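Input: a single structure, listed below in structure tokens.
We did not get these values from a lab; they are worked out from the coordinates using the rules stated. On a predicted model such as this, the values are computed, not experimentally measured, just so you know. Note that we place each Cβ from the backbone using ideal geometry, even for glycine, and neighbour counts take in every protein chain shown.
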Amino acid sequence: MNRSKHTFLFLSAFGFLSSINLMDGTKINAQDDFTGTTAIVGAMLLDGYERPPIHHSAILIQGDRIVSVGTQANTEIPEDANIIDGSGMTVLPGLIDLHVHTMFLGHGDYAEWFPIFEGKEEEMMELAAKQLLMAGVTTAVDLGAPIEIINVRDRINDGRAIGSRLLVSGPWIARRAWGSYPSYFQHVVNSSEEAGQRTQELVDAGVDVIKTWAGMEEADIRAVVDVAHQSGIPVHSHLYTPESIWDAIRGGSDVLQHVGSGGNPDYPEDLIEAIAVRNIPIVQTMAHRIWVYPATIAFPERLQDPRLKEDLPGDLYAEFQRSFVDFERLSYFRSTPRQIRNSKTAARQFIDANVVMGMGTDSGSPLNFHTEAAWREISALVDSGMSPAQAISVSTKLGAEIIGRGSDLGTIEVGKIADLIMVAGDPLSNIQILANIEHVMKGGVLYK
Ligand SMILES: [Zn+2]
């Protein structure tokens with residue numbers, strides 16, 4: 001893989017990364033004895049708060065931590081520091097995507113995808129996690145995957161693989177199966193008691209979050225929440241209708257996922273009010289259908305993005321191209337016109353009511369590639385009424401707080417983990433420049 005080779009050269013120039021054996025057999029050997037300071041110098045700094053930027057900034061990093069944040073003029077840069085030149089750039093916290101599916105890579109048809117995926121689950125999920133990281137997503141919550149996602153998460157965490165820092169649910173828990181798709185990522189339950197048992201099994205297996213899906217009523221969600229919370233594990237619920245949202249609120253769910261993206265008409269005021277006053281975070285995942293479809297009609301060339309060709313092994317790239325032929329007829333987009341009409345009004349309802357919002361993309365779903373889903377969603381938040389600074393804060397600081405990692409992730413501040421990204425230009429005047437991330441640092445290691 002060409003990308004791995006480039007990554008290696010860049011990493012070893014800075015000497016940050018110890019030896020890595022990637023799943024595809026590529027070996028990365030770099031010095032692991034680097035203990036000095038890295039300085040990112042000259043960029044405009046957005047720290048994740050909605051406050052004015054620091055111009056011509058200097059950030060010092062030691063190990064995986066940020067040790068100094070200030071201006072170039074008032075920061076003493078150690079003589080032996082590795083300098084990352086931020087001239088003409090903006091540096092901001094790494095993006096936090098609260099809803100991804102590493103088990104999908106954007107193939108056009110789920111039914112055709114699963115037979116391809118089977119037997120190479122971990123390899124495919126690892127590939128997705130790497131795509132996410134290279135798109136600037138330093139942390140991602142995977143909400144629905146085979147339980148082997150835990151192995152991928154652990155390999156990334158201890159440096160054996162390259163990818164976003166993952167929080168994972170493994171299989172979701174639902175009353176109704178999703179289509180006739182495989183059961184290894186969906187636990188269908190017949191009672192609240194069984195929902196609680198399944199939750200305990202997932203907690204014991206080591207998941208970070210629990211996801212509930214279709215048909216779960218208040219008592220089911222309560223049973224899941226009771227078990228999960230005993231182990232300090234949050235519950236994310238996938239919902240569209242007002243009734244199911246009320247069930248999740250009353251059942252004690254911690255994060256409401258997909259609300260307002262399924263083509264529902266405006267939500268009742270009392271529901272929006274309940275979400276707002278209880279400070280229950282929502283993740284709308286707005287762009288995945290309403291943006292993907294019209295954008296692909298307008299620019300079908302996006303399906304041949306060179307990054308896809310670079311990332312996917314040759315035969316897989318050809319298979320993806322085959323799945324994109326006649327994409328207008330894919331069943332996935334059947335409800336898209338209705339979703340387009342209603343998603344923006346839902347977003348405005350949440351924004352106007354000051355609901356706590358996080359950024360999530362459902363990336364991996366058909367034509368919704370990990371390589372670009374995050375900036376599309378952030379851009380959709382701006383189109384729906386957020387300022388660029390607010391949308392960036394939602395996608396960094398608030399995301400970290402929603403997953404309970406606000407003390408060490410999500411902002412560029414002294415003491416925090418050095419997860420940050422750099423882009424050429426000013427995202428406050430043009431949010432879409434987040435499409436082209438120049439540099440990605442995660443845990444003090446420069447990956448791009
Ligand atoms: Zn999803």
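By its C-alpha gyration tensor, with a ≥ b ≥ c as the square roots of the eigenvalues, how is the range 225-317 shaped: rounded for a/c under 1.5, else prolate for a/b larger than b/c, else oblate? Oblate. Under the convention that each Lys and Arg Cβ holds +1 and each Asp and Glu Cβ holds -1, the size of the dipole of the range 62-161 around its Cα centre is about 180 debye. Take the residue pairs 211/397; 130/448; 130/211; 211/416 and return only those whose Cα atoms are more than 18 Å apart. Pairs exceeding the cut-off: 211/397; 130/211; 211/416. A Förster radius of 45 Å combined with the Cβ-Cβ distance from residue 65 to residue 344 puts the calculated FRET efficiency at roughly 0.70.
State the Cα centre-to-centre distance between the range 91-139 and the range 165-239 in whole Å. Spelled out, the Cα-based centre of one part sits 21 Å from the other.
Stretched out fully, how many nm does the piece from residue 114 to residue 354 gain, at 0.36 nm a residue minus the Cα gap?
Length gained between residue 114 and residue 354: 82.4 nm.
Listed values for the range 294-302 are Karplus-derived 3J(HN,Hα) couplings in whole Hz (6.51 cos²θ - 1.76 cosθ + 1.60, θ = phi - 60°), namely x, 5, 6, 4, 5, 9, x, 4, 4, and x replaces Gly and Pro. Please report the antiparallel percentage of DSSP beta bridges with both residues in the chain, rounded to the nearest 5. For the chain, the DSSP antiparallel bridge percentage is about 45.
The residues packed around residue 232, meaning those with a beta-carbon under 15 Å from its beta-carbon, carry a net charge of -3 if Lys and Arg are +1 and Asp and Glu are -1. Multiplying the residue separation of residue 309 and residue 269 by 0.36 nm and subtracting their alpha-carbon distance yields 9.8 nm. Across the range 191-201, rounded Karplus estimates of 3J(HN,Hα) from the backbone phi angles (6.51 cos²θ - 1.76 cosθ + 1.60, θ = phi - 60°) give 8, 5, 4, 5, 4, x, 5, 4, 4, 4, 4 Hz, Gly and Pro being marked x.
Calculated from DSSP H runs of 4 or more alone, at -39500 (n - 2.57) each and per residue, what is the 222 nm mean residue ellipticity of the chain, nearest 500? Present the calculation step by step, with values, prior to reporting the outcome.
Details: 16 runs with 156 residues, N = 448.
Mean residue ellipticity at 222 nm (helix-derived): -10000 deg cm²/dmol.
The H on the amide N of residue 89, modeled in the peptide plane, is under 5 Å from the matching H of 44, 425, each at least 5 residues off or on a different chain. Segment residue 328..residue 387, full-extension length gain: 18.0 nm, with 0.36 nm per residue of separation and the alpha-carbon distance subtracted.
Taking amide H as placed 1.01 Å from N in the peptide plane, the amide H of residue 107 sits under 5 Å from that of 367, each at least 5 places away or on another chain. The distance between label points at residue 299 and residue 87 comes to 2.9 nm (points 7 Å beyond Cα on the Cα→Cβ vector).
Using R0 = 25 Å, the C-beta based FRET efficiency linking residue 407 and residue 317 works out to 0.05.
Each residue of the range 379-391 was assigned a 3J(HN,Hα) from its phi angle through the Karplus curve 6.51 cos²θ - 1.76 cosθ + 1.60 (θ = phi - 60°); the sequence is 5, 5, 5, 5, 4, 8, x, 7, 6, x, 5, 5, 4 Hz, with glycine and proline shown as x.
Taking amide hydrogens as placed 1.01 Å from N in the peptide plane, the amide H of residue 363 sits under 5 Å from those of 101, each at least 5 positions away in sequence or on another chain. Computed over the Cα atoms of the chain, the ratio of the radius of gyration to the Kirkwood radius (Rg/Rh) comes to 0.95. Placing unit charges on the Cβ atoms only, positive for Lys and Arg and negative for Asp and Glu, gives the chain a dipole magnitude near 620 debye about its Cα centre.
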